[in-house]
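Everything below concerns the one structure shown next.
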Amino acid sequence: MRTATLLRIAAALPLAAGLYFAAPSADAASGRITVKVGDQIRSAFVTERYRTKRKLRPTIIVLGDAARASTASRRGLRFQNFLQRGGVLVYAQGAGGKWNIGADGAAKAELAYLRSLIAQLRRNSLADPRRIHLVGVGSGGIVALQAACSEAGLFAGVTAALASLPNGQPATCKTARPTNVMLIAGDADKRLPFGGGQADLNSFKGSVASVEETVQAFAGGAACSGKLARIDLPDRDRSDASRVVVERQTGCKARVQLVRIQGGGHFLPGQTFARPAVRGQNRDVTTTGLITSFFRV
């Protein structure tokens, strides 16, 4: 099956309270959706396989490491198989070239943006409200984790890569319902310390809790047993000096797991393939494969 083709659309079609720009293609349609958040107009980039008749479909919303890096997110996290099966991809964008997380890590404006964006996707008959998934990377991962804490009812599942909750927030993370949550993190990441400490992300330089403490916040919300099921994935590329271990919480009311990249740095596993191999950039798995498998889409 051919790869879905991205089309840039210049014409605008007003729909309800927002705008959705799209045009037919043999393979795909793409464009922007806009929403109003307070006194700001915010947007997101939508990609879907073209269909003559709209119906509600599974949706993945992607929050890149920085709002200005949305183009890089579209290149790196394409989810081609998900698109080919009829899913909708939404690449969220922040205002002013970064996520407004704030020094306290509250990200209230970004959570309001996500609520408005999801409401608009539903009004535009794009997203099945029971199958909306959220993916965040780096700074976007912090926003995704906070959404998993406070907006759990909006998402069927949340994945955060190269991110953890700001320091102190795991203790206050009270999910409205048990939530499917997966973290992907390298235990040798210097920009997002696995054991907690000072972060060096595009939109957040504050202190973060450890990745394991963050996982435990969601494990507690899902009433997990406290025991782990560990799966060591095959070391397919020994030149990358890293291994992948999946640590699944057991006895939970929702699926909670950590994909630990042993020896992994601040890289998404399997998303770029530099030659020679970069130490700490795992090639045994792909990030999109891990995510779609966890979301079961």
- Links exceeding 20 Å between C-alpha atoms in this model, out of 98/174; 36/98; 227/253; 108/253; 55/108; 36/174, come to 98/174; 108/253; 55/108; 36/174
- For residue 198 paired with residue 247, estimate the spin-label separation in nm (one decimal), with each label point 7 Å from Cα along the Cα-to-Cβ line. 2.6 nm
- Would you work out which of 165, 207, 222 lies farthest towards the positive end of the dipole of region 78-222, given +1 charges on the beta-carbon of Lys and Arg and -1 on that of Asp and Glu, about the Cα centre? 222
- Message: Shape verdict for region 165-297, please, from the Cα gyration tensor: rounded (a/c under 1.5), prolate (a/b greater than b/c) or oblate.
- Response: oblate
- Within straight cross-link reach of residue 190, meaning Cα distance under 18 Å, which lysines are found once same-chain residues fewer than 8 apart are removed? 205
- Message: Can you tally the net charge around residue 145? Count Lys and Arg as +1, Asp and Glu as -1, for every other residue whose Cβ sits under 15 Å from the Cβ of residue 145.
- Response: -4
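FYI, it's all coordinate maths here, none of it is from the lab. Every value quoted in this text rests on a predicted model; they were computed, and no experiment measured them. Here Cβ is always computed from backbone atoms with ideal geometry, including for glycine, and neighbour counts include all displayed protein chains.
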